[in-house]
Every structure is written in structure tokens, then in C-alpha cells.
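Structure record follows, encoded as C-alpha cells.
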Ligand SMILES: [Zn+2]
Ligand SMILES: [Zn+2]
């Protein structure tokens, strides 16, 4: 049984309140009312209320293509991505300048490599958390939980979201975390770690989107990086979207996936949370409709 209510809005921007304004959807409703209810229904206030409620319910379950504008980047999305990337660049620049001045390069470069690897682990822990716990009303993370649940249902949407639309939420979080570090810290090693780790976090959703791409349509360097294991591979991530839906959570490079899955790290954490707090993860309730892909072909007269 599903833990979350069955209404997802995977394509909306993260702070957007879901609505159903698509003109073709409205046309579909008019056609439906005219052919099935007639004049008598429209004169009955009770049935009108029922019809309105059905309309709202249908909007909630509408195919994502009906909300196509929500795939596009807004100026607000672009502004957050710009500020997030700026804070990352400042961090990297400060690391390089301090390293050049002190002639210490090994530590900042090693710290950057650790940052790259830990960003993958962080992406896995975060993804596991929002895939399995909380719901749309959860404080701070509710919109992310909703978006990831929607992604499980309509996989293809992530490949059609514009870059800033897909990445602005992470960029905003990085801005608030990294900006104070930029201002307060001059240590080349710490800045090397922070710059690489936060940069990978901002772009992780883009790497995730590429993992859903078709090889022939992806840029050649991206395919090369995926096949070299620098970015999460399409094969590895596709396993996350198949039963039993409880593995391959890391979406940056995927380097941690094998270890975490073989050692059953997330399963152990789920047991601890269950016995300590009595909370069941969604992955224990498989298969549920919230996790399975809908393969319907969106139609303008759906
Ligand atoms: Zn997932
Ligand atoms: Zn995915």
C-alpha cells in the first residue's frame, strides 16, 4: 500500500503551486461534459460540484506534458544557478590562489578528489532519504520528495527539463552554505574540498538527467565520461528504476553504489529507523504505483 497520496507534480518548479491551466485540457473537459452529462447535469448544483471535484482530481493526475511550461527555466532559476556557480568558482579560485602563494598543491588537490567522491555518497544518502521517507507536507524537503516521486513515475521528464529548471534548487542551497565559507575561509585545502564538492552537487541533477539520456543523443564527451565512471552511467542508474527499487541511489558518479548495495548499508539504516522510530521506508512496500513508471503517451485530448 502506498504511503504517499497518489498525486504527483514532477514537472513543476520546486516552489510552484500545481494548477491545471493547459488549454487543451480545458477543451477535453468541455468535450467530456457535453457528451456525457448534457444540459440536465449543468443545471444540477450537486452534480456540478462533483464534476468540479473530478476535474480537480484529474488535473492532479494529469500527464506531465500538460504542464509543459514547468519544464522551462525561469529567470529566477537562472539567477539561483548563477549565484550558486559563482560561489563555487570563488571557492575554487581562493583555493588556487592560496595554493599558488603557499606552493602547497597536493593537499588542495587531494581535498578536491575527496570532495568529488563524497558528493556522490551525499547524493546517494539524500536520494535514499527523500525516496523513502516523508511526504509532500514534509518541512523543507516536501517539494523535493514530490519531485523525486514524480520522477519515478515519469522518467522521461528529466531529459526535457531545461538545465536551470532542473538544478536551481540545489544551486540555491549551495549558495547559502558556500557563500559564508567563501567570505570567512582562506585555507586552500578546505576551499579545494568545498569548491569541488559543491560544484558536483549543483551539477548532480544534470548528471542524473544524462543518465536517462539516449547514447546516440548525448554529447560524445558525456558518453565518454559515463563509460569511464566519472559520471553515473546509464546502465547503473537504470537499475534504480527497476524492481526492487531499493538500490543505486547515488547519482553523481555512482562510485559508491556497489559498496552501499553489497554491504546493504541503506537496508541496515532502514532497520535502525524502523526499530528506533517505527517508520517504514517506502521501498518495503514494493511494488507500489508511486514507484512504477507510467508509460502512457500524453495526448492533447487525454
Ligand atoms: Zn529514486
Ligand atoms: Zn532517475
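Packing here is the average count of other Cβ atoms within 10 Å per residue, and on that basis the peptides 223-229, 211-217, highest first, run 223-229, 211-217. Counting every other Cβ atom within 10 Å of each residue's Cβ, 146, 270, 107 order from fewest to most as 107, 270, 146.
For the range 137-209, count the residues as N, evaluate 2.2 N^0.38 Å, and divide the Cα radius of gyration by that value, please. It would help to have the intermediate numbers written out before the result.
Numbers: Rg = 14.7 Å, N = 73, 2.2 N^0.38 = 11.2 Å.
Output field value: 1.31.
Out of every Cα-Cα pair in the range 110-158, what percent are more than 11 Å apart?
Working: 819 of 1176 pairs.
Pairs farther apart than 11 Å: 70 percent.
Can you tell me how much longer the chain between residue 93 and residue 106 gets when fully stretched, taken as 0.36 nm per residue apart minus their C-alpha distance, in nm with one decimal?
Residue separation times 0.36 nm, minus the Cα-Cα distance, leaves 3.1 nm.
Label the range 122-258 by shape, choosing from rounded, prolate and oblate, from the square roots a ≥ b ≥ c of the eigenvalues of the Cα gyration tensor; if a/c is under 1.5 it is rounded, and otherwise prolate applies when a/b is larger than b/c, oblate when it is not. Before the final figure, lay out the partial values.
Numbers: a/c = 1.75, a/b = 1.23, b/c = 1.42.
Oblate, since a/c reaches 1.5 and b/c is not below a/b.
What separates the Cα centres of the range 131-154 and the range 82-123 is a distance of 31 Å. The share of C-alpha pairs in the range 188-284 whose separation exceeds 17 Å stands at 59 percent. Structural descriptor for the range 74-285: relative contact order 30 percent, calculated from alpha carbon pairs under 8 angstrom and at least 6 residues apart.
The fewest-to-most ranking of 130, 174, 114 by surrounding Cβ atoms within 10 Å reads 114, 130, 174.
Only the coordinates and a few stated rules stand behind these numbers; no lab work does. Bear in mind the structure is a predicted one, so any value in this text is a computation, not a measurement. Don't worry about glycine lacking a Cβ; one is built from the backbone with ideal geometry, like all the others, and counts go over all protein chains shown.
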